[in-house]
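S.K.: Sharing a structure, written as structure tokens. Questions coming.
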Amino acid sequence: MNSIESVTLEVADLKTATDFYTAFGLTTHIALRPTSPSETPTTGFRGFSLSLTASQPADVRALITAALDAGATPLKPAAKSFWGYGGVVQAPDGTIWKIATSSKKDTAPATRKFNEMVLLLGATDVLESKQFYIAHGLSVTKSFGRKYVEFATGSSPVKLALYGRRALAKDVGVPADGTGSHRVVLGSTTGPFTDPDGFTWEPAPSLTPTN
């Protein structure tokens, strides 16, 4: 079975990004590398988001506070919703992070721990992208028609999922339009390849902490 093995963010300012993700406590989950000077400049929505799932609202608030203190910009303030509690911030490098929980009540003192990280790729056609990934050896664990797909995690600390691009942009509070590089590279046990929405995969490197 193929699976996502690493997530590398391409950043314009490596030091600022390293300081941010170190303060945010995510150095064992993602890698960073400088943006290539030859790449097309990025504008607007990059077509993906990263999510942290916590156990309770207090942990969501603690994680969002840590991100804001480290230089993130708020996109959606933490608030209750039908499905739980959460908020959205944008890192200094432009990556959008949603931090949420399905719980609506606190049951323990606040921590900055999270249970799961999810990489959501915004797909123009979720079914087409689903079939593409199945053909490349990924195994589907959850699927809701043309709306949402999750893949088996394997040994990765990050879960991969597909969501409609416009629905994803709406969920994180930004316009859906955007051009240029996604500024994220995914590593796998096979590759390289590029999916229907231009997300690039390459042979997975050893994930080295960014600090």
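The values are calculated or read from the model by the stated rules, or taken from the named source; none is laboratory data. A quick note: this is a predicted structure, and the numbers were derived from the prediction, not measured. A quick note on method: Cβ atoms are made from the backbone with ideal geometry, for glycine too, and the neighbour counts reach across all protein chains shown. For the accessible areas, the whole protein counts, side chains as well, though only heavy atoms, and no ligand, DNA or RNA atoms are used. Shrake-Rupley method; radii C 1.70, N 1.55, O 1.52, S 1.80 Å.
S.K.: Out of (1) farther than 20 Å from Ile30 by Cβ; (2) in contact (Cβ under 8 Å) with a residue 12 or more places away in the chain; (3) of a type in the set (A, V, I, L, M), the odd one out for Ala100 is which?
M.R.: Answer for Ala100: the failing condition is (1).
S.K.: With a cut-off of at least 2 residues that are touching a helix residue (DSSP H, G or I) at 6+ places or on another chain (Cβ under 7 Å) and closer than 30 Å to Thr35 by Cβ, name the strands (runs of 3 or more DSSP E) lying wholly within segment 47-148.
M.R.: Result: 48-53, 73-80, 85-90, 96-101, 116-123.
S.K.: In addition: Name the residues in segment 1-46 that are polar (S, T, N, Q) and assigned to a loop (DSSP other than H, G, I, E, B), would you?
M.R.: Asn2, Ser3, Thr27, Thr28, Thr35, Ser36, Ser38, Thr40, Thr42
S.K.: Here is a further query. Quick test for you: out of Ala58, Ala79, Ala54, pick the one residue that is in contact with a Lys or Arg (Cβ under 8 Å, 6 or more places away or on another chain) and among the hydrophobic types (A, V, I, L, M, F, W, C). Let's see the steps before the verdict.
M.R.: Working: Ala58 fails: in contact with a Lys or Arg (Cβ under 8 Å, 6 or more places away or on another chain); Ala79 fails: in contact with a Lys or Arg (Cβ under 8 Å, 6 or more places away or on another chain).
Exactly one residue qualifies, and that residue is Ala54.
S.K.: Quick one: which residue in Thr53, Thr73, Thr101 is open to solvent by less than 40 Å² (accessible area, probe 1.4 Å) and either on the phi > 0 side of the Ramachandran plot or modelled with pLDDT of 95 or more (or both)? Don't jump to the end; show me each part of the working.
M.R.: Values: Thr53 fails: open to solvent by less than 40 Å² (accessible area, probe 1.4 Å); Thr73 fails: open to solvent by less than 40 Å² (accessible area, probe 1.4 Å).
Step by step, each of Thr53, Thr73, Thr101 is checked, and only Thr101 is open to solvent by less than 40 Å² (accessible area, probe 1.4 Å) and either on the phi > 0 side of the Ramachandran plot or modelled with pLDDT of 95 or more (or both).
Per-residue answers, yes or no, for (1) hydrophobic (A, V, I, L, M, F, W, C); (2) touching a Pro at 6+ places or on another chain (Cβ under 6 Å); (3) under 28 Å from Ala79 (Cα atoms):
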residue	(1), (2), (3)
Asp106	no, yes, yes
Asp125	no, no, no
Glu150	no, no, yes
Gly191	no, yes, no
Glu202	no, yes, no
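S.K.: What about Thr8, is it β-branched (Val, Ile, Thr), over 22 Å from Gly87 (Cα atoms), out of contact with any Phe, Trp or Tyr (no Cβ under 6 Å at 6 or more places or on another chain) and open to solvent by 50 Å² or more (accessible area, probe 1.4 Å)?
M.R.: Working: β-branched (Val, Ile, Thr): yes; over 22 Å from Gly87 (Cα atoms): yes; out of contact with any Phe, Trp or Tyr (no Cβ under 6 Å at 6 or more places or on another chain): yes; open to solvent by 50 Å² or more (accessible area, probe 1.4 Å): no.
Answer is no for this residue.
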